[in-house]
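The values are calculated or read from the model by the stated rules, or taken from the named source; none is laboratory data. Here the structure is a predicted model, which means the values were calculated and not measured. FYI the Cβ positions are ideal-geometry reconstructions off the backbone, even for glycines, and counts take in every protein chain you see.
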Amino acid sequence: MFTKKQIVQWLQAFASEIHENKDYLTELDAAIGDADHGINMDRGFQKVITQLPNIADKDIGSILKTVSMTLISSIGGASGPLYGSLFLRASITAAGKEKLTEIDIQKLLQEGLQGVLQRGKAKPGDKTMIDVLSPATVAFEEAVGSGKNMSEAMQQMVAIAEKAMKDTIPTLAKKGRASYLGDRSIGHQDPGATSCYLMLKSLSDSYSSTVNN
Amino acid sequence: MFTKKQIVQWLQAFASEIHENKDYLTELDAAIGDADHGINMDRGFQKVITQLPNIADKDIGSILKTVSMTLISSIGGASGPLYGSLFLRASITAAGKEKLTEIDIQKLLQEGLQGVLQRGKAKPGDKTMIDVLSPATVAFEEAVGSGKNMSEAMQQMVAIAEKAMKDTIPTLAKKGRASYLGDRSIGHQDPGATSCYLMLKSLSDSYSSTVNN
Amino acid sequence: MKKLLNKPEDFVRETLAGMAIAHSDLIKVNFEPNFIYRADAPKTGKVAIISGGGSGHEPMHGGFVGRGMLDAACPGEVFTSPTPDQMLAAAQAVNGGNGVLYIVKNYSGDIMNFEMATELAVAEGIQVQNILIDDDVAVKDSLYTQGRRGVGTTVLAEKICGAAAEAGYDLKQVADLCRRVNLNGRSMGMALTSCTVPAKGSPTFELGNQEIEMGIGIHGEPGRERMSLKSADEVAETLALTIIEDSSYSRTIREWDESTAEWVDKDLTNTPFAKGDKLLAFVNGMGGTPQSELYIIYRKLADICAKKGMEIVRNLVGSYITSLEMQGCSITLLKLDQEMVKLWDAPVLTPALRWGV
Amino acid sequence: MKKLLNKPEDFVRETLAGMAIAHSDLIKVNFEPNFIYRADAPKTGKVAIISGGGSGHEPMHGGFVGRGMLDAACPGEVFTSPTPDQMLAAAQAVNGGNGVLYIVKNYSGDIMNFEMATELAVAEGIQVQNILIDDDVAVKDSLYTQGRRGVGTTVLAEKICGAAAEAGYDLKQVADLCRRVNLNGRSMGMALTSCTVPAKGSPTFELGNQEIEMGIGIHGEPGRERMSLKSADEVAETLALTIIEDSSYSRTIREWDESTAEWVDKDLTNTPFAKGDKLLAFVNGMGGTPQSELYIIYRKLADICAKKGMEIVRNLVGSYITSLEMQGCSITLLKLDQEMVKLWDAPVLTPALRWGV
Ligand SMILES: Nc1ncnc2c1ncn2[C@@H]1O[C@H](COP(=O)(O)OP(=O)(O)O)[C@@H](O)[C@H]1O
Ligand SMILES: Nc1ncnc2c1ncn2[C@@H]1O[C@H](COP(=O)(O)OP(=O)(O)O)[C@@H](O)[C@H]1O
Ligand SMILES: [Mg+2]
Ligand SMILES: [Mg+2]
Ligand SMILES: [Mg+2]
Ligand SMILES: [Mg+2]
């Protein structure tokens, strides 16, 4: 069970992860994009951080909706609408909720994934954040389906996400800026896939570090 | 006695000196000017070289006049009008002549110097070609006055010219582009003084290497 | 990083502030959300033309706001698409009642943000069309990928459509014209040097002293191929011939359908250039290229076009769609028809382009 | 050396060739001797304005040839004054019978070559005046030295005098006006990077990553002082305050006296700027500076002028007097009177500056 507090802690932890990895994400984007992914994500999530105190009391759906709107209006680029859509769709499934069960989280991931797919029209294998989000969602689903608890399912999801992130290295980009590079996109890890991994990892970490509260 | 042939050989030798020292002169100009003195002089004297065959039969005055006109219309910058004026005034004293005595050379240097002074309005010590041309002219004059022959007077002149060239290093520029640098012009050898030294040195060399012909 | 700036995070805002006071006779600037708009907006009865994209391409787009060109421009962060709220606010500010054309360059970010903006504007009761520019022949394949980037043709489309809107074309006519300009324009660019995004502080890529990037976009991204340094004539030839010999290019593009209030996929194909074509030739500097070098390129380009039996009837030589301080150039060729010529020649009065007034 | 060029020795010629075909409606180019002139020259009854100087400052001067500005421009080699034969040929080509004003920047080379040209033109029966521009406050002392360089005010003088000539001023009136513009204009520049003269092939000076040159001219020469990297606001402040606080500057300048047919020395003094002055503020890029950064400088400059109680009533922000691909900027302030404002606003139609037509 994720409490609202844990969700807020996750958002804070994710923002910190992004902030710490800002240069790293930007360097990844420099190799196959336009050198701003870390800057973009950090701009958005620093804005989110300033708003969290005002909304921490609302229901999880409202919190995620505010995150979505903040990201959409402050990131821009590709990641703004994509993460914005992810959080928007997630917020709808979490509307009115104060805590989230394994099944809630599963729906939230599925809906978030759908949001990104619909907005970005990328397919798995196109070397985008989808390449992490999609298998990670499946992994969580399977874990929950086979009776694993939240903590175990999270760990399974993160393990798959990490592998999937690395698996973007050898692929050829078909969406996003990296696709303009053609073959030269091969051999580089996708920045969006990396930030997506950080999102899932911080979700898992926030759960395990606070599971006793 | 300078024969016409020796004068033509001098012009060729001077052009070669400039060509060989093109980068050096340009580097000197880069330090306190705009990095083109070698390029400018070489452009002018390469043009002179192409014209020498057509005029080598004329009198020395005509030859020097053609050199002057060629320099004026192909160098530009400060050195174009200055060397152009030098050769123009020199050409007038040499009008109709087929050879030049010590006294002729003395007049030629004096007139050349006047041409540069009048055109450029620089004074000795301003860190320009005048700083070489002026003492070198005096040195030649004194040598001839004290009964030295052409060869000895030339050597005396070149020795003074070389010293005068190096003496431009510690001075503060008052004319030309280097003057804009203020104190920063101190510590650098003046490019125009250097090309002027090369002119006098090649004059002396042409004489001594061909004196037996 | 050597730039004339204060804090990197203030780069866009301070650029806009400077523009606003330097050109207060022509434009106004709204902050938060950021957009530049015509000082005399909204123009009742005129279709409003709005474009936008990342900053760092100055004078595009803000420098093209004014009479006979754009009604508004939405600048994002450097090389980052602006956000839907900017685009919506701009539309609300300049809509004169006859609808808004969004001119969008084909990048994932721009497309997604403008799509969201379109949906928002429609929800506010504003008539909207959005037309994509995707003219970069350096990007070869379109199938299953993002397709070609929008580059130099954007400037030409904004001028031509701006004149059309000024002349009273309705929204559908301006949109159709914009699509036609895009289908008749092709571009390609190259870089001698990289550029530095202020917030990053170091060059996006490293190029050796004897290397160039061929087939770059406008975001400091590496190009299609790294090559050894070439002469201006060779550069002009590579760019021009790739453009001229580009075969017909097909892709599927999403446009907003007003009648059904839905996104529809359209299959669009441009026809290759041919002998006898009348052209607008645009030689563009990437921001750090001196004007002299652009003329050297233009000289060779004119020569190549003449040899191919094509006539340059209009030209534009200058730095109009840039990548910060990058050195390099791009070439855009646009096949003109009489209507386009007339609209190109029509008066324009903006910070960066002006003639006829 | 990374440039869009072919052989360095063809740089100027090929630039001119490109200009000629890109702007054939406005200008023509004569080769050997090289000069750019108005396509509709000579204009009978109009004073002809001719300027010139080394190449590498594009668009100055060739880009200013056309209606309402220059009748001809004489480009020398890169950073090297043109030669008297060019200036004479240009005068012969554009003299409409009412004489020629040579606008000359204060550099030894330019002065000497234009002086020779003046003597030659006079000998050909052409009425000539030559006016020096020496507006660079970075050069402190004038006594016994070359005095101040001619920089940004040149562009403004060419525009204002060009409009005056178009309006029918006679030679003496145009010359007097040009002198007045010079006495009311002051400039200063700085460089973030050096530039590379094509024929030399390597940068004129080396600057560290954290260094700038303050008080540069326009020939890639080092400045008055090397400093550590500064913010845009600090740069704007240093330039603007040095200009604004410059005390009255006196020097002796040589002009051609038509009545006596001799060179005469004139003592000229400009008065310092003062509260209440109406200004034209010109922020200029050195060739490799993006337009965005110039707006950041302009923003601060406007602020400084306002604080000093001076009103910017006209402005120009762009790269008009450059040093090849150098990054950096210069500021020029010109105290305007009503006549100058009117002439500044008058129509101009040239490759690089155009409004009102
Ligand atoms: N159509 C798309 N669908 C899914 N993800 C995408 C798409 N386009 C881009 N991305 C993701 O966005 C990331 C780049 O984000 P960012 O650098 O912030 O935006 P931009 O490309 O506009 O500069 C890519 O690494 C990729 O993972
Ligand atoms: N007024 C002057 N009188 C005498 N010599 C001068 C004067 N001005 C400049 N020079 C000489 O010209 C040299 C520079 O020539 P050059 O680099 O070819 O011209 P520019 O300065 O126009 O680039 C200087 O080193 C100096 O010796
Ligand atoms: Mg990016
Ligand atoms: Mg020089
Ligand atoms: Mg981006
Ligand atoms: Mg020079």
| said: Just to be sure I understand, how many residues within region C:212-248 are touching a Ser or Thr at 6+ places or on another chain (Cβ under 9 Å) and either within 14 Å of chain A (Cβ to nearest Cβ) or at pLDDT below 95 (or both)? | reply: 12
| What number of residues within region A:74-97 satisfy the criterion of being in contact with a Ser or Thr (Cβ under 9 Å, 6 or more places away or on another chain) and either among the polar types (S, T, N, Q) or within 16 Å of ligand 3 (Cβ to nearest atom) (or both)? | 13
| Considering region C:106-120 alone, what residues qualify as being at pLDDT 95 or above and either of a type in the set (V, I, T) or away from ligand 1 (no atom under 16 Å from the Cβ) (or both)? | C:I111, C:T118
| The listed residue being over 17 Å from the mean Cα position of the chain (by Cα) and not acidic (D, E), out of B:I92, B:I32, B:I63 | B:I32
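Which residues, taken from region C:296-306, are at the interface with chain D (Cβ under 7 Å from one of its Cβ atoms) and under 21 Å from the mean Cα position of the chain (by Cα)?
Filtering region C:296-306 for residues at the interface with chain D (Cβ under 7 Å from one of its Cβ atoms) gives C:296-299, C:302.
Answer for region C:296-306, where residues must be at the interface with chain D (Cβ under 7 Å from one of its Cβ atoms) and under 21 Å from the mean Cα position of the chain (by Cα): C:I297, C:Y298.
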| Among the candidates A:D23, A:D104, A:D42, which residue alone is touching a Gly at 6+ places or on another chain (Cβ under 7 Å), more than 16 Å from ligand 4 (Cβ to nearest atom) and acidic (D, E)? | A:D23
| query | Any residue at all in region B:41-48 that is under 19 Å from B:A178 (Cα atoms), within 14 Å of chain D (Cβ to nearest Cβ), in contact (Cβ under 8 Å) with a residue 40 or more places away in the chain and not in a strand (DSSP E or B)? | reply | yes
| field | Qualifying residue in region D:267-282 (condition: aromatic (F, W, Y) and at the interface with another protein chain (Cβ under 10 Å from one of its Cβ atoms)) | value | no
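Which residue, of B:L86, B:L71, B:L82, is touching a residue at least 60 places away in the same chain (Cβ under 8 Å) and away from ligand 1 (no atom under 16 Å from the Cβ)?
Answer to the selection: B:L82.
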| task | Check region C:318-337 and report whether any residue there is buried (at least 18 other Cβ atoms within 10 Å of the Cβ), within 27 Å of C:R67 (Cβ to Cβ) and facing chain D (nearest Cβ under 8 Å). | result | yes
| task | Quickly run through region B:26-39 and pick out the residues that are of a type in the set (D, E) and more than 10 Å from ligand 4 (Cβ to nearest atom). | result | B:E27
| note | Of the residues in region B:184-213 that are within 14 Å of chain D (Cβ to nearest Cβ) and more than 11 Å from ligand 2 (Cβ to nearest atom), the one that is farthest from B:P135 (Cα to Cα) is B:R184
| message | Tell me whether region A:168-176 contains one or more residues that are within 16 Å of ligand 3 (Cβ to nearest atom) and in a helix (DSSP H, G or I). | response | no
| field | Matching residues, region B:161-171, being surrounded by 18 or more Cβ atoms within 10 Å (Cβ to Cβ) and either of a type in the set (A, V, I, L, M, F, W, C) or within 13 Å of another protein chain (Cβ to nearest Cβ) (or both) | value | B:A161, B:A164, B:M165, B:T171
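If a residue must be out of contact with any Lys or Arg (no Cβ under 6 Å at 6 or more places or on another chain) and either under 21 Å from C:T269 (Cβ atoms) or of a type in the set (K, R) (or both), how many such residues does region C:135-160 contain?
Result for region C:135-160: 12.
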| request: Could you run through region D:89-105 and say how many residues are within 14 Å of another protein chain (Cβ to nearest Cβ), away from ligand 6 (no atom under 16 Å from the Cβ) and either crowded, with 24+ Cβ neighbours inside 10 Å or modelled with pLDDT under 95 (or both)? | output: 1
| Limited to region B:24-40, what total is found for residues that are more than 8 Å from every other protein chain (Cβ to nearest Cβ) and of a type in the set (D, E)? | 2
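Could we say that B:L181 is at pLDDT below 95 and either within 16 Å of ligand 6 (Cβ to nearest atom) or away from every other protein chain (no Cβ under 14 Å) (or both) here?
yes
Quick grid of which residues meet (1) hydroxyl-bearing (S, T, Y); (2) assigned by TED's automatic domain parsing to the domain that holds D:D110; (3) touching a strand residue (DSSP E or B) at 6+ places or on another chain (Cβ under 9 Å):
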site	(1), (2), (3)
D:I218	no, no, yes
D:K230	no, no, yes
D:L239	no, no, yes
D:R254	no, yes, yes
D:S259	yes, yes, no
D:V264	no, yes, yes
D:L280	no, no, yes
D:N284	no, no, yes
| message | I'd like to check something: does region B:76-84 contain any residue that is within 16 Å of ligand 4 (Cβ to nearest atom), at positive phi and touching a helix residue (DSSP H, G or I) at 6+ places or on another chain (Cβ under 7 Å)? | response | yes
| message | Yes or no: region B:141-155 includes at least one residue that is of a type in the set (G, A, S), out of contact with any Gly (no Cβ under 9 Å at 6 or more places or on another chain) and within 16 Å of ligand 4 (Cβ to nearest atom). | response | no
| query | How many residues are more than 10 Å from ligand 1 (Cβ to nearest atom) and small (G, A, S) if we restrict to region A:163-184? | reply | 2
| request: For B:T128, indicate whether it is within 16 Å of ligand 4 (Cβ to nearest atom), out of contact with any Cys (no Cβ under 7 Å at 6 or more places or on another chain), polar (S, T, N, Q) and under 21 Å from B:E162 (Cα atoms). | output: yes
| said: I'm told D:C195 meets every condition in (1) touching a strand residue (DSSP E or B) at 6+ places or on another chain (Cβ under 6 Å); (2) crowded, with 24+ Cβ neighbours inside 10 Å; (3) not assigned by TED's automatic domain parsing to the domain that holds D:P290 except one. Can you identify the failing condition by its number? | reply: (3)
| query | So, in region B:60-101, of the ones that are assigned to a loop (DSSP other than H, G, I, E, B) and crowded, with 18+ Cβ neighbours inside 10 Å, which residue ends up farthest from the other protein chains (Cβ to nearest Cβ)? | reply | B:K97
| task | Could you please tell me which pairs satisfy a Cβ distance under 9 Å, a separation of 6+ or placement on different chains, a first residue in region D:217-234 that is more than 22 Å from D:Y320 (Cβ to Cβ) and within 16 Å of ligand 6 (Cβ to nearest atom), and a second residue that is of a type in the set (G, A, S) and assigned to a loop (DSSP other than H, G, I, E, B)? | result | D:P222/D:S194
| field | Extreme residue, farthest from ligand 5 (Cβ to nearest atom), among residues of region B:113-167 that are closer than 20 Å to B:T194 by Cβ, among the small types (G, A, S) and part of a helix (DSSP H, G or I) | value | B:A139
| query | What number of residues within region C:23-51 satisfy the criterion of being in contact (Cβ under 8 Å) with a residue 40 or more places away in the chain, part of a loop (DSSP other than H, G, I, E, B) and either within 14 Å of chain A (Cβ to nearest Cβ) or more than 23 Å from D:V283 (Cβ to Cβ) (or both)? | reply | 9
| Of all residues in region D:52-76, which are among the small types (G, A, S) and outside any loop (DSSP other than H, G, I, E, B)? | D:G52, D:G53, D:G54, D:S55, D:G62, D:G63, D:A72, D:A73, D:G76
